[in-house]
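Enquirer: There's a structure below that I have some questions on.
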Amino acid sequence: MLKKTSADLDSLRLLEERLRWLSAWTIHNANHLRPSPDGLKVGGHQASCASMTAIMAALYFHALGPNDKVAVKPHAGPVLHAIHYLLGSQSREQLENFRGFGGMQSYPSRTKDKIPVDFSTGSVGLGVAVTAFASLVQDYLLAHAMMPPEEAGRMVALMGDAELDEGNIYECLIEAYKHDIRNCWWIVDYNRQSLDATTAERMFSRFDEIFASCGWRVVTLKYGKPLEAAFAEQGGAALKRWIDECGNADYAALTYLGGGAWRERLLKDAPETKPVLDARDDEALAALMTNLGGHDMATLVEAFDSAQDDVPTLFIAYTIKGYGLPFAGHKDNHAGLMNPGQIATLREKMGIAEGEEWAPWAGLGGNAAEAVRALAENSRIARTKRERPWRQVDVPAVPVPTGEEQSTQAAFGRILLDLSRAGGGLADRIVTSSPDVTVSTNLGAWVNQRGLFRRQELADVFAAAKIPSAQKWGGHQAGQHIELGIAENNLFLMLAALGLAGDLFGTRLFPIGTVYDPFIARGLDALNYACYQDARFLLVATPSGVTLGPEGGAHQSINPPLIALGQPGLRHYEPAFVDELALLMEEAFRLIQAPDGESVYLRLTTRSIAQVERPDDSWKAGAVAGGYWLREPAPGAEAALVYSGALAPEALVAWEALKDDVPGLGLLAITSPDFLHRGWSESQRWRWKAPPRDGEGDRSPKANGGGGPSHAEALLAPLSPTAGLVTLLDGAPASLSWLGGVRGHRISPLGVERFGQTGTLGDLYREYRLDVNAIVEAAAELFLD
Ligand SMILES: Cc1ncc(C[n+]2csc(CCOP(=O)(O)OP(=O)(O)O)c2C)c(N)n1
Ligand SMILES: [Mg+2]
């Protein structure tokens, strides 16, 4: 960061104007100039952009270093693109195609935008919180010597003030404090307007207290330098008093009404301000009253310069929503668009000739243009996207735990323990995390081996006192488990940040998060957010379903398989046997680092079941692809039982019971309803359309290897066209009932559609019709009909 001279500040001000202009013009072009064949409003947020242009100019053209990463307030996306346009790293075509097909995205997107976007944003609050977790990931990598210290940077969130209403901010704040995160800046665009209206002031005096009590430095940028100077004038003290007492709605309304209204109101409320008012005409008065800290370049530069240590810092930058635009301060301006007359006025005010709207430095005199260009070029931010992949890790064969009766959950713990003991590149890159269910999801043995991650040593008090405990709970810099409090949303943000370690810091990690299956729903938007930006991780959700038995309905999950079925970027596997689990974990590690890979969700259970004998490995390819015949059907068979996960024993017993009565009865093991379904839909798409090429946004793995019948079609092909299927899953039956549509087979889907309750497995399987009798009855109805 270079010291700024007053000439530099002038250049920064011109850059701010240019960003305000280009973001407004980009949105205007998309809404008013580009043809709209479908008549839909295109949209965009000129007011939200103008609110931040000074903050972003000061940040990108002054404060940011090459290793800093930024989550940009979603509605200020056009400002980020305008910055890259000025730097030559964004094209005019992309700006002209804002919100168009293949054009720059409405909200910054890591995967879809052509410019480097560090964190996608859009669902407000999440982009803010993920920066805190990214700081933690950076601390982790530094502590493990997995990135060079000189490549460390600051994680920055540019946030709207309404984002402070999102609960995830506070969950994250608490976790960040516990982990003593460093190098994180949150910069609030404090325009005191949300989408609907101006926001209530009552809460605002509390934010600094909340952040300060969580260890943050709070820097408030309330007044710009000219306003501060005016406070020193005669009548200035009264002016300051009046401003400080003024309500948000009042301030916004007066901003909209302009200089005359300010004068009238101030004279009425605070006549002592008269000397300040008399010294200015209406235009100068309006400029003075809107000279808030977040629009004042000198104030911003000074504030950023003053926070150069690693203390997490909240900047509260007072701003005006729609600053410098005709609807500045209007409570309805969130989605407001300037009309053609208004944009022309703005263009003229900025000295840009008609036809020169896209010219980066139009209207600037030679010297000014040169100075501005030079200052912009000094920006140290990355101009291009970081290439994938980085430093691939060899994935060894994942060991299969031995034992005649096992549960997938316990086996998961064993596998991690065995991987840890064996050591090697993969084990060293695994990072686990769990929201207070580390022990109850069987991560305990792994944690005993690898330790908790803490920047500062955390003593294991119980161990030191020689109190017997199965669990070591000491933390240190080499630890590989990030302990979280019980806030599932934080787990998904943690996984998002860990899963982006390669993109952000150049080192791929293999994050594994564990959670109880029903509580996935608690963090669903954060999970979607992680997938949307192509973070890679393994989510292990256990226990699941009514198979959880005595824990009852509040803990028994029903719909997560359907969630997975509808979630792009996440592959659901539900193994029944532990050799499947080992294979699928191996596949998950492969997918985590494959350029066209994705994240994996394993739905596991605590039910211990007898393992099956395998004559050979021929089942494996099918298991990875989503399903395989555990008992092959005879060609032309009229029936098959289809099961997924923990209900394998019931399916096997029912198969034994029926096989003599139903000739050629098959038993189909479905390891992934989700991936099978995807392959099926993809094969239909293939017939009509080539799949997207690399770099066109869709990097998800091709479930259907390219053309031909899908795996689901191939699996069901041996059956008679008139065959019936009984499907069985401990969860929503719709997860498998679609199989009836693949080849038009009759179907009887068994599963859970009512809230669960306490009971033994026998009670519950009987009650929810998941037991052998239910399967036999369903089969009889279908096959013997
Ligand atoms: C989770 C979520 N809920 C709702 C929205 C719709 N929404 C978009 S912006 C916004 C409020 C914006 O206010 P603020 O954060 O203060 O930004 P400003 O535009 O004022 O800078 C809302 C409710 C959203 N994007 N995400
Ligand atoms: Mg706001």
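The values are calculated or read from the model by the stated rules, or taken from the named source; none is laboratory data. What you see is a predicted model; the values in this text were computed from it and never measured. Glycine also receives a Cβ, built like all others from the backbone with ideal geometry; neighbour counts cover every protein chain displayed.
Enquirer: May I ask you to list the residues in segment 375-399 that are free of Cβ contacts under 8 Å to residues at least 24 places away in the same chain and not charged (D, E, K, R)?
Expert: none
Enquirer: Please work out which residue is farthest from ligand 1 (Cβ to nearest atom), limiting yourself to segment 34-66 and to residues that are surrounded by 20 or more Cβ atoms within 10 Å (Cβ to Cβ) and not in a helix (DSSP H, G or I).
Expert: For segment 34-66, the residue satisfying everything is Leu64.
Enquirer: Okay, moving on. Restricting the search to segment 276-311, which residues are over 21 Å from Arg13 (Cβ atoms), surrounded by 14 or more Cβ atoms within 10 Å (Cβ to Cβ) and not aliphatic (A, V, I, L, M)?
Expert: Asp282, Asp310
Enquirer: For Ile83, state whether it is within 16 Å of ligand 2 (Cβ to nearest atom) and either surrounded by 24 or more Cβ atoms within 10 Å (Cβ to Cβ) or modelled with pLDDT of 95 or more (or both).
Expert: No, not satisfied.
Enquirer: Sort out which residues of segment 373-402 are among the small types (Gly, Ala, Ser) and surrounded by 12 or more Cβ atoms within 10 Å (Cβ to Cβ), and write them in order of number.
Expert: Of everything in segment 373-402, those that are among the small types (Gly, Ala, Ser) and surrounded by 12 or more Cβ atoms within 10 Å (Cβ to Cβ) turn out to be Ala376, Ser379, Ala382.
Enquirer: I'm checking my understanding of the structure. Among residues of segment 173-213 that are more than 9 Å from ligand 1 (Cβ to nearest atom) and of a type in the set (S, T, N, Q), which one is farthest from Gly336 (Cα to Cα)?
Expert: Checking each candidate, the answer is Ser213.
Enquirer: Please determine, by comparing only the residues of segment 734-785 that are of a type in the set (Phe, Trp, Tyr) and out of contact with any strand residue (DSSP E or B) (no Cβ under 8 Å at 6 or more places or on another chain), which one is nearest to Ala637 (Cα to Cα).
Expert: For segment 734-785, the residue satisfying everything is Trp738.
Enquirer: Please enumerate the residues belonging to segment 288-320 that are small (Gly, Ala, Ser) and within 30 Å of the chain's Cα centre (by Cα).
Expert: Gly294, Ala303, Ala307, Ala317
Enquirer: Give the residue, chosen from Gly122, Gly100, that is outside any helix (DSSP H, G or I) and away from ligand 1 (no atom under 16 Å from the Cβ). So that I can check it myself, show each step before the final result.
Expert: Details: Gly122 fails: away from ligand 1 (no atom under 16 Å from the Cβ).
Selected residue: Gly100, the only one of Gly122, Gly100 that is outside any helix (DSSP H, G or I) and away from ligand 1 (no atom under 16 Å from the Cβ).
Enquirer: Moving to a separate point now. Among the residues of segment 148-172 satisfying the criterion of being among the charged types (D, E, K, R) and more than 9 Å from ligand 1 (Cβ to nearest atom), which is farthest from Gly77 (Cα to Cα)?
Expert: Glu150
Enquirer: Which condition does Phe577 not pass, out of (1) touching a residue at least 24 places away in the same chain (Cβ under 8 Å); (2) over 27 Å from Trp655 (Cβ atoms), if it passes all the others?
Expert: Single failed check for Phe577: (2).
Enquirer: Could you pull out the residue among Arg607, Arg590, Arg571 that is crowded, with 22+ Cβ neighbours inside 10 Å, within 20 Å of Leu538 (Cα to Cα) and at pLDDT 95 or above? It would help to see each step written out before you state the result.
Expert: Details: Arg607 fails: within 20 Å of Leu538 (Cα to Cα); Arg590 fails: crowded, with 22+ Cβ neighbours inside 10 Å.
None of the other options fit; the residue is Arg571.
Enquirer: If you don't mind, there's one more thing I want to ask. Which condition breaks for Val72 when tested against (1) touching a residue at least 60 places away in the same chain (Cβ under 8 Å); (2) farther than 20 Å from Pro340 by Cβ; (3) crowded, with 24+ Cβ neighbours inside 10 Å; (4) more than 16 Å from ligand 2 (Cβ to nearest atom)?
Expert: (4)
Enquirer: Still on this structure, please answer the following. Of all helices (runs of 4 or more DSSP H) completely enclosed by segment 271-375, which ones contain at least 1 residues that are polar (S, T, N, Q)?
Expert: The helices (runs of 4 or more DSSP H) meeting that bar are 297-305, 340-349.
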